[in-house]
1. Dipole size in debye (nearest 20) for the chain around its Cα centre, Lys and Arg Cβ +1, Asp and Glu Cβ -1?
2. Please compute the length gained on full extension between Q12 and A30, using 0.36 nm multiplied by the number of residues separating them and subtracting their Cα-Cα distance.
3. Cβ under 15 Å from I29's Cβ, I29 left aside: what net charge do those residues give with Lys, Arg +1 and Asp, Glu -1?
4. Per DSSP H run of n ≥ 4, the term is -39500 (n - 2.57); total these for the chain, divide by its residue number, and report the mean residue ellipticity at 222 nm rounded to 500 deg cm²/dmol.
5. Identify, among I40, F64, I51, the residue whose Cα sits farthest towards the positive end of the charge dipole of segment 31-74, taking +1 on the Cβ of Lys and Arg and -1 on the Cβ of Asp and Glu, with the dipole about the Cα centre.
6. Please list, or write none, the lysines whose alpha carbon is within less than 30 Å of the alpha carbon of K60, excluding same-chain residues fewer than 8 places away.
7. Where the Cα atoms of the chain are projected onto their three principal axes, how long is each span, largest first, in whole Å?
8. Roughly how tilted is helix 34-72, in degrees to the nearest 10 and between 0 and 90, from the longest Cα axis of the chain?
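What follows is calculated from the coordinates using simple rules that are stated; it is not laboratory data. Computed from a predicted model, the values in this text were never measured in an experiment. As a convention, Cβ positions derive from the backbone with ideal geometry for all residues, glycine included, and neighbour counts pool all protein chains shown.
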Amino acid sequence: MYNSKKIIPLAQGSTRFNISKSNFIKVKIAIPTIKEQTKIANFLSSIDKKIEQTQVQLAKTQSFKKGLLQKMFV
């Protein structure tokens, strides 16, 4: 069962929901194993690297565009 499905029924309130500490402590929350956490971390790191590479490429492309525009108006 998803963690949120365990917690939502415990929430009380109309516009802002609260959960009492005693009820929250009773909920067992599943967390990924160390192996799964490592896999997730590696995946997110690879996404970060791809984003960084894309940002570098974008900066180079913008610089190239700027150079072309300067040559057009000289």
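1. Details: 14 positive and 3 negative charges, 15 e Å.
Its charge dipole is roughly 80 debye.
2. Working: separation 18, 0.36 × 18 = 6.48 nm, distance 2.25 nm.
That works out to 4.2 nm of additional length.
3. Numbers: positive: K5, K6, K21, K26, K28; negative: E36.
Surrounding charge for I29 is +4.
4. Working: 3 runs with 50 residues, N = 74.
Calculated at 222 nm, the ellipticity per residue is -22500 deg cm²/dmol.
5. F64
6. Straight-distance partners of K60: K49, K50, K71.
7. So the three principal-axis extents are 72, 38, 18 Å.
8. Tilt relative to the chain: about 30 degrees.
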